[in-house]
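**Q** Have a look at the structure that comes next, please.
The values are calculated or read from the model by the stated rules, or taken from the named source; none is laboratory data. Note that this is a predicted model, so its numbers are computed, not measured. Backbone-built Cβ (ideal geometry, glycine too); neighbour counts: all protein chains shown.
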Amino acid sequence: MSKKIGMVLVGVVISIIVLIIIVMLPNKDGNQEVVNKEKYDILIPFIESGKYGYKSYNGQVVVKPQYDNVELSEYGVGIVERDGKLGFVNSKGEEVLAIEYNDIESMYNGYFKVTKDDKCGIVDANGNMVVPIKYLAFYPGEIMENKVTYKIDSDKIGFVELNGKEVTQAKYEYTEDFSNGMAAVMLNEKWGYINSKGKEVINFEYEDAQLFNSKGYAVVTKRIGDKQMEGIINTKGTLVSEDFYDNAVCYENFYVLKEANNENQVFINIYDYSGKLLYAKANSVEYFKDDKIIVISLENKYIILDNNLKKIKEIENCSINDFSNGVAVFSDDDQFKKGVLDVKGEKIIPAEYDEIEEFINNSAVAQKGSKVGVIDKQNNIIIPFEYDEINDIKIIKADKNNYYAIKQNDRYGLYDATGKKILDNEFEEFFSIKNNLVIVEKDEEMGLYNLSGDSIIHVKDCYISFRTEGEEVLIYVEDSGKTMYYNNKGILIGEK
């Protein structure tokens with residue numbers, strides 16, 4: 001069976017897969033998502049007498065063993081196989097998609113590509129055929145603004161909507177995703193743009209073309225002489241930047257043009273979308289979308305702007321690191337000590353530390369003199385400064401609060417924000433925490449504990465990850481191609 005479940009091996013990276021509850025609304029990208037007003041029930045594979053069925057999270061049999069193979073459910077349906085053909089069952093055990101397809105692959109947003117006799121179409125999670133089976137491929141297969149690219153009988157690409165209506169013929173060599181009602185497409189080795197109705201609205205004259213941002217501006221590339229130069233256009237195709245430069249970048253409310261002189265000195269100029277020059281010859285500009293601020297480095301000073309380009313603060317005689325979680329670490333140019341700024345440019349922690357790591361939620365590992373501890377954004381000490389190395393303390397982000405892995409005698413223990421010990425210092429590593437469960441490594445074994453300190457699962461030469469939906473946690477243990485599924489109490493539910 002070619003349908004794969006997304007699972008990352010703990011030996012490399014621990015991945016927590018959060019299943020999102022979908023309602024019948026367009027998401028922020030404008031994509032229509034599958035209709036399902038209830039929380040999805042997880043269908044968990046199990047095997048009995050050589051046949052597969054499904055159990056619910058509480059271990060009850062939902063679908064009796066009758067299939068040659070099954071997959072863990074997505075969007076409330078499970079892909080099942082019988083006699084080499086695939087279909088769907090729902091949480092009631094009903095076959096909502098006939099078992100007659102050669103392949104089924106998730107396209108996310110609750111839609112699935114189905115293949116039959118070397119042709120493919122698209123169905124939703126209720127088994128409804130939304131795009132008929134007549135296409136060679138959907139390439140690259142991502143749904144954007146209710147559309148997907150298709151190939152029908154050659155390498156040429158077109159767009160089809162999720163109601164089966166073809167927006168364009170299959171005639172383009174390459175395409176980008178739709179964004180704000182526009183998509184970049186390549187025709188005869190030149191890039192231009194089409195609108196959501198498939199009309200070619202910006203001429204095919206560019207070497208490259210990027211997505212339009214939320215304000216309707218995009219970066220395009222044009223060959224001028226022997227150089228590839230960049231400029232900025234609006235949705236009418238007008239060159240807003242008036243010329244082409246070595247580099248151009250569109251942000252939400254401003255754009256940046258960079259050019260180098262004969263001595264390879266780079267000059268950065270910052271404009272608003274009316275074309276007004278805001279700052280000239282900047283050393284750098286950074287836009288921190290989550291914190292909604294812009295930091296511009298000029299000679300001997302930094303300027304912090306809000307999202308509307310209003311100046312918040314001008315700061316001199318220091319260096320500023322990236323903003324994250326509402327703060328940034330700064331360095332005092334005179335003493336080379338570090339402190340913390342908030343998004344208003346205020347020094348909420350004075351420059352008194354030798355090192356401050358990135359803040360995770362409300363806390364960060366810091367070094368003062370030769371000792372290491374943990375501080376919060378109010379400069380309160382959470383973990384005392386009595387450890388020798390930065391990596392003696394690791395912050396582990398949980399659902400709401402941070403936890404702290406602290407090394408003593410080359411082994412880590414787990415502590416909460418009050419300093420209470422949860423797990424003794426006997427572990428080589430702590431990984432992700434989710435829904436009060438933490439994955440650990442000890443003596444070459446992987447394990448799972450709850451935050452009360454109770455052992456849930458211990459395995460050797462296996463890999464652990466988990467998926468959550470609400471309070472339900474489904475634990476995967478993979479061993480030599482076999483996957484076992486446990487609930488959050490460590491009770492084996494199923495396997496495949």
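**Q** For the structure I just gave you, tell me whether V80 is more than 29 Å from G59 (Cα to Cα), part of a strand (DSSP E or B) and of a type in the set (A, V, I, L, M).
**A** No: the conditions fail for V80.
**Q** Could you tell me which numbered condition K292 fails, if it satisfies all but one of (1) surrounded by 12 or more Cβ atoms within 10 Å (Cβ to Cβ); (2) free of Cβ contacts under 8 Å to residues at least 24 places away in the same chain?
**A** (2)
**Q** Same structure, new question: Specify the residue that is surrounded by the fewest Cβ atoms within 10 Å (Cβ to Cβ); the eligible residues are those in the stretch 340-355 that are under 30 Å from the mean Cα position of the chain (by Cα) and part of a strand (DSSP E or B).
**A** Taking the candidates together, the pick is E355.
**Q** Which condition from (1) in a strand (DSSP E or B); (2) under 28 Å from the mean Cα position of the chain (by Cα); (3) surrounded by fewer than 21 Cβ atoms within 10 Å (Cβ to Cβ) is the one that A183 breaks?
**A** It fails just one condition, (3).
**Q** Quick one: how many residues across the stretch 356-385 are assigned to a loop (DSSP other than H, G, I, E, B), closer than 21 Å to I396 by Cα and not charged (D, E, K, R)?
**A** Adding up the residues that qualify gives 6.
**Q** Within the stretch 264-310, restricting attention to residues that are small (G, A, S) and more than 32 Å from the chain's Cα centre (by Cα), which residue is farthest from A248 (Cα to Cα)?
**A** Result: S274.
**Q** When you go through I304, I270 one by one, which is the residue that is aliphatic (A, V, I, L, M), touching a residue at least 12 places away in the same chain (Cβ under 8 Å) and over 30 Å from N361 (Cβ atoms)?
**A** I270
**Q** Of all residues being in contact with a Gly (Cβ under 8 Å, 6 or more places away or on another chain) and more than 14 Å from G78 (Cα to Cα) in the stretch 115-130, which is surrounded by the most Cβ atoms within 10 Å (Cβ to Cβ)? Just the residue, please.
**A** Within the stretch 115-130, the match that is surrounded by the most Cβ atoms within 10 Å (Cβ to Cβ) is V130.
**Q** Now a separate question. Taking the options G93, G127, name whichever one is among the small types (G, A, S), touching a residue at least 12 places away in the same chain (Cβ under 8 Å), closer than 27 Å to V160 by Cβ and in a loop (DSSP other than H, G, I, E, B).
**A** None of the others qualify; the one that does is G127.
**Q** Something else now. Does V365 fit the bill of being under 23 Å from I303 (Cβ atoms) and either at pLDDT 95 or above or of a type in the set (S, T, N, Q) (or both)?
**A** In short, no.
**Q** Please find, within the stretch 96-114, the residue that is surrounded by the most Cβ atoms within 10 Å (Cβ to Cβ) out of those that are more than 16 Å from G164 (Cβ to Cβ) and charged (D, E, K, R).
**A** Only one residue tops the list, namely D103.
**Q** Taking the condition closer than 18 Å to K197 by Cβ and surrounded by 18 or more Cβ atoms within 10 Å (Cβ to Cβ), does T149 pass?
**A** It is true that T149 is closer than 18 Å to K197 by Cβ and surrounded by 18 or more Cβ atoms within 10 Å (Cβ to Cβ).
**Q** Also: Working carefully through the options E428, E478, find the one that is within 22 Å of L72 (Cα to Cα), surrounded by fewer than 20 Cβ atoms within 10 Å (Cβ to Cβ) and under 29 Å from the mean Cα position of the chain (by Cα).
**A** Matching residue, one of E428, E478: E478.
**Q** Would you point out which residue out of E252, E263, E242 is charged (D, E, K, R), modelled with pLDDT under 95, in contact with a Ser or Thr (Cβ under 7 Å, 6 or more places away or on another chain) and not in a strand (DSSP E or B)?
**A** Within the list E252, E263, E242, the selection yields E252.
**Q** Quick one: in the stretch 186-219, of everything that is acidic (D, E) and not in a strand (DSSP E or B), which residue is farthest from N307 (Cα to Cα)?
**A** Checking each candidate, the answer is E189.
**Q** Restricting the search to the stretch 479-496, which residues are in a strand (DSSP E or B), touching a Leu at 6+ places or on another chain (Cβ under 7 Å) and of a type outside the set (A, V, I, L, M, F, W, C)?
**A** Y485, Y486
**Q** For the stretch 203-224, how many residues are exposed (fewer than 15 other Cβ atoms within 10 Å of the Cβ) and within 24 Å of the chain's Cα centre (by Cα)?
**A** The total comes to 1.
**Q** While we're on this one: I'm trying to understand the selection: among the residues of the stretch 340-357, which are farther than 17 Å from V295 by Cα, out of contact with any helix residue (DSSP H, G or I) (no Cβ under 8 Å at 6 or more places or on another chain) and not β-branched (V, I, T)?
**A** P350, A351, E352, Y353, D354
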